[in-house]
Amino acid sequence: MTAFRYALRVFGFVLFVAIVVYLPFRISDFRASEFALIGIYFIAILGLNVLTGYTGVISLGHGAFMALGAYTTAILVADHGMRDLWTIPLAGLLAAAAGAAFGLPALRLSGPYLALTTFGVAVATPIVIKKFDGLTGGSGGINLFEAEGITGLPEFIVTLPGGKVLSFNDWLYYLAWTIALVLFAVAWAIHHSHFGRSLRAIRDNEIAAAASGVWLASHKTLAFSISAFYAGVAGSLLAIWAFSVQPGAFPVDRSIALLVGLAVGGLGSLAPLAAGAAFLVFLPQLAQGISKAPGVPAVIYGAVLIALMIVLPMGVGGLLRWITGPLTSRLYPRS
Amino acid sequence: MAALLSVENVTRRFGGVVALDGVSFDVPAGEIVGLIGPNGAGKTTAFNVITRLYRPDEGRIVFDGHDLLRTPVHRVVKRGVARTFQNVALWPTLSVLDNVKIGAQARRGVRSAEELLEYVGLSGLAHRPAAGLPFGTLKRVELARALASGPQLLLLDEPAGGLNHEEVGELGRFIQQLRADFDATVLLVEHHMNLVMGISDRVYVLNFGRLISGGTPQEVQRDPAVIEAYLGDASAAA
Ligand SMILES: Nc1ncnc2c1ncn2[C@@H]1O[C@H](COP(=O)(O)OP(=O)(O)OP(=O)(O)O)[C@@H](O)[C@H]1O
Ligand SMILES: [Mg+2]
């Protein structure tokens, strides 16, 4: 049974990779940029999933770690002439350190109080960024258009053997999705490790976990730190993708959006979280497409979200489990 | 022989309620020791204090030469003390096998999680989520999880909960068998008197947080203080 399911998983992953590699050959340059953004959100949501999906700790402030990652990259590239690629792991590590430093004391708080603390961080983020304007450029942010460290600029156009022209947006797409797939594999490994199992045990029943030898403080702090790492990497990519950072790019909404993407993808799922990321990019467009009257897109967004949560309470991942569940148990009846 | 577990003068209060009131008892290695008492006597509280879920207000707990009160809660099982819960504390979304694996993660026992599921007769349910299984089955999963950590001391809180008369008899033989198979010492909280009296080497009796009796099953059953305590709460005497 396990061998069959394992083969199914490997096949699914290979298919996923193939689609990711092939997609730019079929979509416009503009769409490639959008799909790059989906990859970036996917990374952030994968990270939030480690904390909220597995461990059951709700963070309303992961946009702050994205901001930290974005500003790390922007400052290193713009002010220190660093190559953008090398700043990505640094942004992740810095966010991870900040996550651990915040998580260590904050995780002593229980559910709602912790969530409110993270919310406070999200609210404070744009203000704090503006306050340190010497470093961050204040309200205007940092512009990367002229920066030398951006890989592939100013003229990044490669013609592939098949006649396909690889544009700068294609490059962003492949960069974001290569990292997304690597971090996806890492998340998968976490899911199947002792550590990941312990995190899910904490989510289901903290007392039983502690009594069974799980050290709650260290596990929660590490989960927080890992999820902050993912957010930092996503933020770094966002800075490269947008050629800029501004405080306004990291409002509270950004943190909430990550939770929305996670819920739509399905808490505790992995690959379906990509659907949650796509939702974050495409739904606002869809809403705008229906009507641009003031307030209407927001109402449509909210209505779709409510409808989706009623129809798919476990997200896209839950739907997939529901579809594939009966099939696999029919092939391999267990009791 | 020195006791494997010594509870010394332990007191635990909850507001005005004194759940444990200067309780002392010893659990010698290799024995099955019963801990009985009417509802609310403090039996579960004793387990919670021993496993460090609750801190006692006073007293000492020594296990295998170590002061357990200096052991953080997550280390207790690594020291060799595993437990089950009266109302079952499993992880509902995890598979039955994963539930047991977490026990094995803490301190590798002699047997694997798969072997333990086999031992408690639940191999067929390994990949089912724990949620939705019958109470008696969940109790067995918990037992497998506790055994997976290769405990020296096994604390069982009402393992017969949810079982019928016949199954209670089987459970008694099962507990005796696992003591032999796992070389474990057992501290057993149970309301089924036939079970406790039938398999215990010694029995302690709590009432309103006080230890009112202790000795062999015969001695305890004849003790007027025990009879008095149970007549005061006839429902538990069944
Ligand atoms: N966490 C708690 N908070 C407040 N009071 C508690 C707590 N735990 C136990 N008590 C009280 O302590 C006393 C002993 O409870 P305990 O659960 O130890 O009894 P018990 O002997 O296990 O009873 P039962 O046979 O019904 O399981 C009871 O009066 C109970 O209400
Ligand atoms: Mg009890």
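Here, each number is a calculation from the coordinates, and none is a lab measurement. Bear in mind the structure is a predicted one, so any value in this text is a computation, not a measurement. Every residue, glycine among them, receives a Cβ derived from its backbone with ideal geometry; neighbour counts consider all protein chains shown.
Cα-based radius of gyration for region A:100-155, normalised by 2.2 N^0.38 Å, reads 1.70.
With the simple spin-label model, which puts each label point 7 Å out from Cα in the Cβ direction, the B:Val17 to A:Ala217 separation comes to 2.9 nm. Ellipsoid semi-axes for region A:160-273, based on the Cα gyration tensor and the rule √(5λ), read 34, 18, 12 Å when sorted largest first. Extension gain for A:Phe4-A:Thr324 works out to 113.9 nm (0.36 nm per residue, less the C-alpha to C-alpha distance).
Between B:Arg108 and B:Arg60, residue separation times 0.36 nm minus the direct Cα-Cα distance comes to 14.5 nm. Eigenvalues of the alpha-carbon gyration tensor of region B:105-194, scaled by 5 and square-rooted, set the equivalent ellipsoid semi-axes at 20, 18, 11 angstrom, largest first.
Each label point was placed 7 Å from the Cα along the Cα-to-Cβ direction; for A:Glu146 and B:Asp181 their separation is 7.6 nm. Its relative contact order, with pairs defined as Cα atoms under 8 Å and 6+ residues apart, puts region B:87-150 at 53 percent. When only Cα pairs below 8 angstrom with a gap of at least 6 residues are kept, chain A shows a relative contact order of 32 percent. Taking only the C-alpha atoms of region B:87-150, the Rg (one decimal) and the largest Cα-Cα distance, Dmax (whole number), read 10.1, 30 Å. In terms of its Cα atoms, region B:81-238 spans 50, 31, 28 Å along the principal axes, sorted from long to short. Fully extending the segment from A:Leu116 to A:Tyr301, taken as 0.36 nm per residue of separation minus the present Cα-Cα distance, adds 64.2 nm. Hydrophobic long helices, here whole DSSP H runs in chain A with Kyte-Doolittle means of at least 1.0 and Cα atoms spread over 18 Å or more along the helix axis, are found at A:2-22, A:29-48, A:84-106, A:111-131, A:168-191, A:216-242, A:252-265, A:273-290, A:296-311.
Using R0 = 51 Å, the C-beta based FRET efficiency linking A:Val14 and B:His165 works out to 0.35. Taking a ≥ b ≥ c as the square roots of the eigenvalues of the Cα gyration tensor, region A:3-251 is classed as oblate, since a/c reaches at least 1.5 and a/b does not exceed b/c. For A:Val128 and B:Ala2, the FRET efficiency from 1/(1 + (r/R0)^6), where r spans their Cβ atoms and R0 equals 60 Å, is about 0.50.
How are the C-alpha pair distances of the protein assembly as shown spread across 10 Å bins, as whole percents from the shortest bin up? Whole-percent P(r) values from 0 Å outward: 3, 15, 22, 20, 15, 12, 8, 4, 1, 0.
The label-point distance for A:Phe282 and B:Asp201, in a model that sets each label 7 Å from Cα toward Cβ, rounds to 6.8 nm. Rounded to the nearest 0.05, what FRET efficiency do B:Glu115 and B:Ser24 have when you use their Cβ-Cβ distance and R0 = 30 Å? That pair, B:Glu115 with B:Ser24, gives E of 0.20.
What does the charge add up to near B:Ala3, with Lys and Arg as +1, Asp and Glu as -1, over the other residues with Cβ less than 12 Å from its Cβ? Its environment carries a net charge of -3. Counting only the Cα atoms, region A:5-140 fills a convex hull of 158 Å³ per residue.
Semi-axes of the equivalent ellipsoid for region A:74-121, computed as √(5λ) from the eigenvalues of its C-alpha gyration tensor and ordered from largest down, come to 31, 10, 7 Å.
Sorted on the mean count of surrounding Cβ atoms within 10 Å across their residues, most packed first, peptides B:198-210, A:7-19, A:102-114 read B:198-210, A:102-114, A:7-19.
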